[in-house]
Amino acid sequence: MGAFRLGLGVALWLGAMPAVVLAEDYRWVQMVPGGGVEARVVTTASTCPEAHLDGQAVAMTVRAEPLPPDFPVRVCTLTLPHDTRTASIGGEKLALPVATPSRIIVVGDTGCRITKSARQNCDKNWPWREIADTAANTKPDLVIHVGDYLYRESRCPWFAGDCTNGPSGDTWATWEADYFAPARSLMAVAPMVLVRGNHEICGRGGVGWMRLLDPYPFDNAVPCRISSAPYTVPLDRVTMAVMDVADDNSNVHGQLAAVARMTPHPAWILLHRPFRAAAPFGSTYSLGAVAIPDTVTMALAGHIHAFEALSFRGQPAEIVVGNSGTSLDVVGTNNKMLDGWQVETNVNVIGFGFTLLEKAGDDWVAHVFDASGIERESCRVHGRELDCRAVHET
């Protein structure tokens, strides 16, 4: 930044304002309700930047005005027509949706955990930037984040020597440190489907979520909603239904009923809290007795800080990707029943990483990578069934 400011000062002294892209700008393409596609920008500039679609200049509109002191940035948006062939902002190309996505990155639970009782060393033991860069290098067609972006809830206590003081709480500085700055490369490489996590509920990171990442239009009169309606993202041969079950009080049954009306066969459900999963210390995590629509073949979730691949008799396969940065959980694999569901497959991979879903005919293969890009596990999803095998034993 010092070199940037020096260069800008010299240019002003010479009487010429250069056309620069501010380093503080962040831009990405996001899938939104109604099958829509939006370009978004977070900027420190006084106005929204100009976009170019198929060579034509198009004005972006303000999604959220600055809200000093916590959010001194402007959030801009632009709906992209489905027939858009090329798009750019500030001379940087935007990643547009492809007709038939065949490589989908899944990440989740990415922030650096700092609370009054838990401290993660954000300098030495937080690989979110490495994971984002490694995942971007796989050249995906789509990126899914299954929630929990903001983890720096408290400042490091004065006596702590194992974490570095920095921003905390629901502010732009924290959002930039915990999510945007490390994720820049991944945000640029493919459109994104963003799921709300329990760290983004009202009272935690909810205000920032609504202003920055929520897929629905922002309403300044309602700075935070407890829950949002589910919506669908159509792919070539599968429909993704995105559910907001971030808050414990969410209407899970009502959302599933809506998903049943919205989704043809086959469908995936994207949600933060898993329907059923192994949890730390031999426990089980469950959303309770729920009726998942017959159209659903797979659920993608996070919340448990591990990778898990589970299949259940008569129920959809479930893949939990909660190992992309925050402090990890250790869960078991010897479960025969999980809260009333008979387990047929229960695999977990220890360590930080991400998952690449790759299309294989009518099936999808989940390639489980560590932070450096070494494949650890491979699970073929066939209908509601899972077939997993270890790739690199540790």
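Among the conditions (1) surrounded by 15 or more Cβ atoms within 10 Å (Cβ to Cβ); (2) more than 20 Å from GLY322 (Cα to Cα); (3) of a type in the set (Ser, Thr, Tyr); (4) in the same structural domain as TRP268 (by TED's automatic domain parsing), SER117 misses just one, which is (1). In the range 321-338, the qualifying residues are those that are in contact (Cβ under 8 Å) with a residue 60 or more places away in the chain and in contact with a Leu (Cβ under 9 Å, 6 or more places away or on another chain), and the one that is nearest to PHE281 (Cα to Cα) is LEU338.
Which of the residues spanning the range 286-315 are assigned to a strand (DSSP E or B) and out of contact with any His (no Cβ under 7 Å at 6 or more places or on another chain)? Result: SER286, VAL296, THR297, MET298, ALA299, LEU300, PHE307, GLU308, ALA309, LEU310, SER311, PHE312. Of all residues in the range 300-321, those satisfying the criterion of being of a type in the set (Gly, Ala, Ser) and closer than 17 Å to ASN335 by Cβ are ALA301, ALA306, ALA309, SER311, GLY314, ALA317. Give, as residue ranges, the strands (runs of 3 or more DSSP E) completely inside the range 48-145 that count at least 2 residues that are under 30 Å from VAL381 (Cβ atoms) and either in contact with a helix residue (DSSP H, G or I) (Cβ under 8 Å, 6 or more places away or on another chain) or hydrophobic (A, V, I, L, M, F, W, C) (or both). Strands (runs of 3 or more DSSP E) meeting the threshold: 103-107, 142-145. Restricting the range 298-324 to residues that are within 22 Å of ILE131 (Cβ to Cβ) and of a type in the set (S, T, N, Q) leaves a set whose member that is nearest to the chain's Cα centre (by Cα) is SER324.
When ARG119, ARG129, ARG152 are checked against the criterion of being more than 20 Å from ALA366 (Cβ to Cβ) and under 14 Å from the mean Cα position of the chain (by Cα), a single residue qualifies: ARG129.
Which of the residues spanning the range 34-54 are over 30 Å from THR263 (Cα atoms) and of a type in the set (D, E, K, R)?
First, pick out the residues of the range 34-54 that are over 30 Å from THR263 (Cα atoms): 41-54.
GLU50, ASP54, listed by residue number.
Of everything in the range 220-272 that is touching a Leu at 6+ places or on another chain (Cβ under 6 Å) and closer than 19 Å to GLU200 by Cα, the residue that is surrounded by the fewest Cβ atoms within 10 Å (Cβ to Cβ) is VAL252. Only one of the numbered conditions (1) within 23 Å of the chain's Cα centre (by Cα); (2) assigned to a strand (DSSP E or B); (3) under 28 Å from GLU130 (Cα atoms) is violated by SER327, and that is (2).
Restricting attention to the range 210-268, the residues being of a type in the set (Ser, Thr, Tyr) and under 20 Å from GLY302 (Cβ atoms) number 5.
Pairing each residue of the range 279-295 that is in the same structural domain as VAL330 (by TED's automatic domain parsing) with any residue that is of a type in the set (Lys, Arg) and surrounded by 11 or more Cβ atoms within 10 Å (Cβ to Cβ), provided the two are 6+ apart or on different chains, yields C-beta distances under 8 Å for THR284/ARG276; TYR285/ARG273; TYR285/ARG276; SER286/ARG276; LEU287/ARG273; LEU287/ARG276.
Okay, residues lined up against (1) over 24 Å from ALA309 (Cα atoms); (2) in the same structural domain as GLU176 (by TED's automatic domain parsing); (3) touching a Phe, Trp or Tyr at 6+ places or on another chain (Cβ under 7 Å):
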{"position": "VAL73", "(1), (2), (3)": "yes, no, yes"}
{"position": "THR79", "(1), (2), (3)": "yes, no, no"}
{"position": "SER88", "(1), (2), (3)": "yes, no, no"}
{"position": "ASN125", "(1), (2), (3)": "yes, yes, no"}
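The residue list LEU287, LEU270 contains one member that is under 20 Å from LEU142 (Cα atoms) and of a type in the set (A, V, I, L, M, F, W, C), which is LEU270.
Within the range 337-394, the set of residues being of a type in the set (Asp, Glu) and assigned to a loop (DSSP other than H, G, I, E, B) comprises ASP339, ASP362, GLU393. For GLY111, the conditions (1) of a type outside the set (Val, Ile, Thr); (2) touching a Gly at 6+ places or on another chain (Cβ under 8 Å); (3) closer than 21 Å to GLY55 by Cβ are fulfilled apart from (3). None of GLY353, GLY332, GLY302, GLY325 is surrounded by fewer than 18 Cβ atoms within 10 Å (Cβ to Cβ) and not hydroxyl-bearing (Ser, Thr, Tyr) except GLY332.
Being of a type in the set (A, V, I, L, M, F, W, C), at pLDDT 95 or above, at negative phi and not assigned by TED's automatic domain parsing to the domain that holds PRO140 is a property that holds for MET31.
The values are calculated or read from the model by the stated rules, or taken from the named source; none is laboratory data. Since the model is a prediction, treat every value here as computed from it, not as a measurement. Neighbour counts are summed over all protein chains in view; Cβ atoms, including those assigned to glycine, are modelled from backbone coordinates with ideal geometry.
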